[in-house]
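This report refers to the structure that appears directly beneath it.
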Amino acid sequence: MQHYTRDDIVRIVNEEDIEFIRLQFTDIFGQLKNVAVTRSQIEKVVNNQIMIDGSSIEGFTRIHESDQYLRPDLDSFVILPWLPKKRRTARLICDVYNPDGTPFVGDPRYVLKRVLKRAEDMGYSFNVGPEAEFFLFEIDEKGHPTTNTADEASYFDMAPIDHGGDVRREICLILEEMGFEIEASHHEVAAGQHEIDFKYAEALRAADNIVTFKMVVKSIAQMRGLHATFMPKPVYGINGSGMHTNMSLFKDGRNIFHDPNGERGLSKEAYSFIAGLLEHVRGMTAITNPLVNSYKRLVPGYEAPCYLAWSASNRSALIRIPASRGQSTRVELRCPDPACNPYLAIAACLAAGLDGIERGLVPPAEITENIFAMTEDERHAHGIHSLPGTLRDAIKCLKADPLIIETLGEHVYNSYVSGKKREWDDYRTRVTDWELEKYMVVY
Ligand code: GLU
Ligand code: MG
């Protein structure tokens, strides 16, 4: 990754004909926001003097304390390659600060930074590799997205059955120009569904990469006359989109999840991290799976997890340990979906894993059978619990987990829960097509 000083940024902006600088941050629900300033403001940008009014940002501040300052993370500087090549546009990802110079507690990036500091105090750095899946849909005559796709391809299919290959190629090339290392891209199981995997990074950068990735995928799809969505379950009856999250802890440059002498080549810390995730996953599901719609993905039969278990291989488990060992040893959490706020989701995962390590927790036995094929009684006999089944249940579980509440901090927790409750209430009072189909004629 590039490291930049203030002088570097000012020089590049002038040398590279950059006219617009987008100053980006996310609200607590993970929406990427930005204010664009012109080159004339660059000194103010690098001196942290750009002010925003946070009162209209979801979960930010109240009216009487709305002034906030953007502090750009200079190393996040990148030119947006798909925008015009003259009078170009660059972006900087920013931290949000109060006028008194303290970090704003409602900034999701700050939530993640706080947990990362805890990890650092324990001597750890945290690496995250996300696999964000998405759909490409057609747009109708009025320019609105549909759920139609001309594509009938499935897992790993290629053109001409795969209609998304060209768009994926273009997205990969743009991401590479922006400094991403693309590891793989392919058609996913469902028609119109795709995956592009980029290299893992240190957690803060990984979260930045996820918001950037989503922005690029959506922008390039739009230029191609398509709509890209990271909605977790856009179509009933076929696979939804997950964001499997691969995680590892490093100490002094060494992956501490690997222990050649440990069972399955895993260390005691790796097992405790898994146990911590299992202990807190119900409490953090409202964060990793934030939408009413998220819970329509977490049902049996579509490669998405619903039960609390881990396995070294079994894809029906919530936590999987991919086969690679050594520096690539990692724990894969399969419940998160790409609609989550990645800063908050990664913060919750790390806090849960560290709690497991600090308390020396030990996970239950590995489940090697297909959990989806088990009856409820068999699951009970194995002590396998379920993820929350709705956003409402997930909010309840969050309220019952002090560690996740503390990780979010009071401000984010309160704003998040009240926003999600409103979302649930709005949903539960709607009359759906399903109800009309089922009840209208019969009753
Ligand atoms: N789309 C599946 C999910 O919802 C995952 C498929 C896969 O294993 O990549 O999690
Ligand atoms: Mg996948």
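The values are calculated or read from the model by the stated rules, or taken from the named source; none is laboratory data. Remember, it's a predicted structure, so these values are computed and weren't measured experimentally. Glycine gets a Cβ as well: all are built from the backbone with ideal geometry, and neighbour counts include every protein chain shown.
To keep it simple, each residue is scored yes or no on (1) of a type in the set (Asp, Glu); (2) under 24 Å from residue 270 (Cβ atoms); (3) surrounded by 14 or more Cβ atoms within 10 Å (Cβ to Cβ).
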| residue | (1), (2), (3) |
| --- | --- |
| 344 | no, yes, yes |
| 350 | no, yes, yes |
| 353 | no, yes, yes |
| 378 | yes, no, no |
| 382 | no, yes, yes |
| 391 | no, no, yes |
| 394 | no, no, yes |
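I'm checking my understanding of the structure. Among residues of segment 313-349 that are β-branched (Val, Ile, Thr) and more than 16 Å from ligand 1 (Cβ to nearest atom), which one is nearest to residue 118 (Cα to Cα)? Before the answer, list the steps.
So in segment 313-349, the residues β-branched (Val, Ile, Thr) come out as 319, 321, 329, 331, 346.
Those left that are additionally more than 16 Å from ligand 1 (Cβ to nearest atom): 329, 346.
On the way: 329: 22, 346: 14 Å.
Among them, the one singled out is 346.
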Selection from segment 1-19 of residues in contact with a helix residue (DSSP H, G or I) (Cβ under 6 Å, 6 or more places away or on another chain) and part of a helix (DSSP H, G or I) yields 6, 9, 10, 13
Search segment 301-312 for residues being at negative phi and within 12 Å of ligand 1 (Cβ to nearest atom), and hand back the single one that is surrounded by the fewest Cβ atoms within 10 Å (Cβ to Cβ).
-> 302
For segment 142-165, which residues satisfy the criterion of being modelled with pLDDT of 90 or more and farther than 18 Å from residue 238 by Cα?
-> 142, 143, 144, 145
What do you reckon, is residue 257 more than 16 Å from ligand 1 (Cβ to nearest atom), buried (at least 20 other Cβ atoms within 10 Å of the Cβ) and among the aromatic types (Phe, Trp, Tyr)?
-> yes
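What strands (runs of 3 or more DSSP E) completely inside segment 114-214 contain at least 1 residues that are under 15 Å from the mean Cα position of the chain (by Cα) and within 16 Å of ligand 2 (Cβ to nearest atom)? Before the answer, list the steps.
Details: elements: 125-138, 182-187, 193-198.
Where strands (runs of 3 or more DSSP E) fall fully within segment 114-214 and carry at least 1 residues being under 15 Å from the mean Cα position of the chain (by Cα) and within 16 Å of ligand 2 (Cβ to nearest atom), they are 125-138, 193-198.
Can you pull out the residues in segment 319-365 that are of a type in the set (Asp, Glu) and within 16 Å of ligand 2 (Cβ to nearest atom)? Please lay out each step first, then the result.
We begin by selecting, within segment 319-365, every residue of a type in the set (Asp, Glu); these are 332, 337, 355, 358.
Selection gives 332, 337.
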Breaking point among (1) away from ligand 1 (no atom under 16 Å from the Cβ); (2) closer than 16 Å to residue 224 by Cα; (3) of a type outside the set (Asp, Glu), for residue 128 | (2)
List every residue pair whose Cβ atoms sit under 9 Å apart, with the two residues 6 or more apart in sequence or on different chains, where the first one lies in segment 238-260 and is within 25 Å of residue 214 (Cα to Cα) and the second, anywhere, is near ligand 1 (Cβ under 9 Å from one of its atoms) and among the small types (Gly, Ala, Ser).
-> 238/190; 239/190; 239/304; 240/190; 240/304; 241/190; 242/304
Taking helices (runs of 4 or more DSSP H) that fall entirely within segment 335-443, which contain at least 2 residues that are in contact (Cβ under 8 Å) with a residue 12 or more places away in the chain?
-> 342-358, 391-399, 402-408, 410-428
